1. Say whether the condition of being away from ligand 2 (no atom under 16 Å from the Cβ) and either touching a strand residue (DSSP E or B) at 6+ places or on another chain (Cβ under 8 Å) or among the charged types (D, E, K, R) (or both) is met by at least one residue in segment 125-143.
2. Can we say V112 is modelled with pLDDT of 95 or more and within 20 Å of the chain's Cα centre (by Cα)?
3. Out of the residues in segment 104-162 meeting the condition of being hydroxyl-bearing (S, T, Y) and either away from ligand 1 (no atom under 13 Å from the Cβ) or surrounded by fewer than 20 Cβ atoms within 10 Å (Cβ to Cβ) (or both), tell me which one is farthest from R353 (Cα to Cα).
4. When only residues in segment 249-262 that are surrounded by fewer than 18 Cβ atoms within 10 Å (Cβ to Cβ) and modelled with pLDDT under 90 count, which is nearest to G222 (Cα to Cα)?
Amino acid sequence: MLWEGDVLLQVGTRALAILSALTEAPGRLVAKRELLERAWPDGRVDDANLKVQISALRKALRGCEGLIRAESSLGYRFLGEAVPGDPYPDAERRCSLVPQLLTEPIGRDGVVADIVGLLKESRLVTVLGPGGIGKTTVALAIAHRLAHTFADESCFVDLSRIARDDQISEAVARALGSPVGEAPPALEQIQAALQARRLLLVIDSCEHVADAIALLVEQVLGFSNEVWILVTSRESLRVAAEFVWHLEPLEVPPPSLMDNAANAARYSAVQLFLRAAAEVSDGFTLNDEIAPTIVEVCRRLDGIPRAIEMTASMVATRDIGELRRRLDQRLPLLEFDRQGDNLLHDSLFSILRWRCDLLPFNEQAVLRRLALFAGAFTLDAAVAVAADDVTDASVVREAVVALANKSFLIVNHQISPPEYRLFETMRAYVVSPREEGNMPRGGSI
Ligand SMILES: Nc1ncnc2c1ncn2[C@@H]1O[C@H](COP(=O)(O)OP(=O)(O)OP(=O)(O)O)[C@@H](O)[C@H]1O
Ligand SMILES: [Mg+2]
């Protein structure tokens with residue numbers, strides 16, 4: 001964790017790993033390779049990623065950015081002093097912590113305002129969407145917007161590293177400021193911790209423990225009328241009290257618009273690309289010549305912030321035209337690096353594979369058939385394409401709804417009947433030759 005005074009800063013685990021490598025040996029030149037190994041122990045990644053993390057750290061250390069000095073192309077040096085300390089300087093601090101956003105979210109003002117309004121009517125809101133679409137970012141922005149409403153009683157619990165259902169109550173109890181690992185049981189501690197408090201509880205990254213969280217949030221809402229719960233998840237919790245907010249990707253210019261610099265710069269996906277690219281490549285600017293390429297890259301990446309940030313971070317060392325060609329050829333940056341450093345493959349595709357592997361067989365089979373649709377489709381069209389003797393119409397309908405609830409499909413409820421669409425990255429994954437053998441073909445298609 002990284003603190004600035006009383007404020008917990010939102011810094012990713014990779015940036016923290018780099019900071020800890022640097023501060024272990026103040027003054028020593030730490031080679032890039034060493035830093036890369038510390039932050040990405042599972043495999044090698046592009047140097048540009050290191051630059052992105054260093055830039056995130058400098059942002060977090062605002063005012064003291066100079067403490068991390070780059071040494072030409074060799075590595076980095078920490079110029080400050082490192083004083084060991086208690087990560088929890090006072091016990092009270094274990095509760096009520098919502099990490100600070102280091103940069104303003106782009107293009108989310110409307111969503112944040114809408115969900116803030118929604119929380120007046122519903123005490124349980126789930127921000128739903130696929131990995132990297134910006135759920136945590138939006139949830140943090142909402143919590144900070146509501147800081148006054150809840151008199152700064154906002155608690156944040158990150159479940160991304162919680163592997164077992166039975167650890168959840170303890171994690172929530174700890175977030176509410178209860179002593180850890182002591183009797184009485186965590187559920188009773190939660191009940192006690194909620195007495196006479198009015199608070200917002202943000203529970204982040206629930207998808208892998210959705211059933212257990214569903215049970216817990218129903219109990220927590222029953223303990224007190226003065227607790228509001230904001231969940232982020234790639235799957236809905238499917239409890240009665242839940243209002244599900246399908247988080248849309250960032251906005252990408254529609255194909256009908258001329259992709260010149262002035263038009264492109266109005267869209268949030270492009271704005272994020274530019275901000276992320278400028279962090280790794282000084283002087284990276286938008287002009288009419290490059291605008292269509294950036295717009296197309298953002299489109300190919302579905303306007304998903306994490307994918308955009310990662311791709312933009314490559315422009316320091318790669319030509320953007322080459323990135324686009326890769327995406328056009330539906331080789332979504334696979335085998336991109338000559339040494340086999342499959343940067344996006346490692347992160348994006350392995351996430352997609354992991355998510356598909358968790359789907360029941362029926363849903364995998366239907367998903368594969370839905371990949372035939374290049375654009376939007378209705379439920380009836382899905383049935384027409386995906387049903388057969390083995391997988392009948394009702395199974396297809398159930399699978400489509402389930403896939404939407406698990407963020408595999410974007411749903412447009414503004415029109416009737418609603419339309420569904422596969423995320424382009426998911427579609428590219430499903431039809432990619434590499435994955436063909438891994439997903440059930442499910443009959444005739
Ligand atoms: N609106 C935004 N403006 C700028 N950057 C954003 C925005 N939304 C997300 N990002 C960036 O994109 C990355 C992914 O965002 P975030 O962690 O919020 O996604 P997520 O949906 O919570 O992902 P996961 O499902 O993996 O938890 C982060 O680095 C974040 O800073
Ligand atoms: Mg998240």
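1. Within segment 125-143 (the criterion being away from ligand 2 (no atom under 16 Å from the Cβ) and either touching a strand residue (DSSP E or B) at 6+ places or on another chain (Cβ under 8 Å) or among the charged types (D, E, K, R) (or both)), the answer is no, since none of the residues qualifies.
2. Criteria met by V112.
3. First pass over segment 104-162, keeping only residues hydroxyl-bearing (S, T, Y): 122, 126, 136-137, 149, 154, 160.
Of the ones still in play, those that are also either away from ligand 1 (no atom under 13 Å from the Cβ) or surrounded by fewer than 20 Cβ atoms within 10 Å (Cβ to Cβ) (or both) are 122, 149, 154, 160.
Values: S122: 34, T149: 41, S154: 35, S160: 18 Å.
The extreme case among them is T149.
4. Filtering segment 249-262 for residues that are surrounded by fewer than 18 Cβ atoms within 10 Å (Cβ to Cβ) and modelled with pLDDT under 90, the one nearest to G222 (Cα to Cα) comes out as P254.
The values are calculated or read from the model by the stated rules, or taken from the named source; none is laboratory data. Bear in mind that the values here come from a model prediction, so they are computed numbers and not experimental data. Cβ sites come from the backbone with ideal geometry, for glycine too, and all protein chains shown count toward neighbours.
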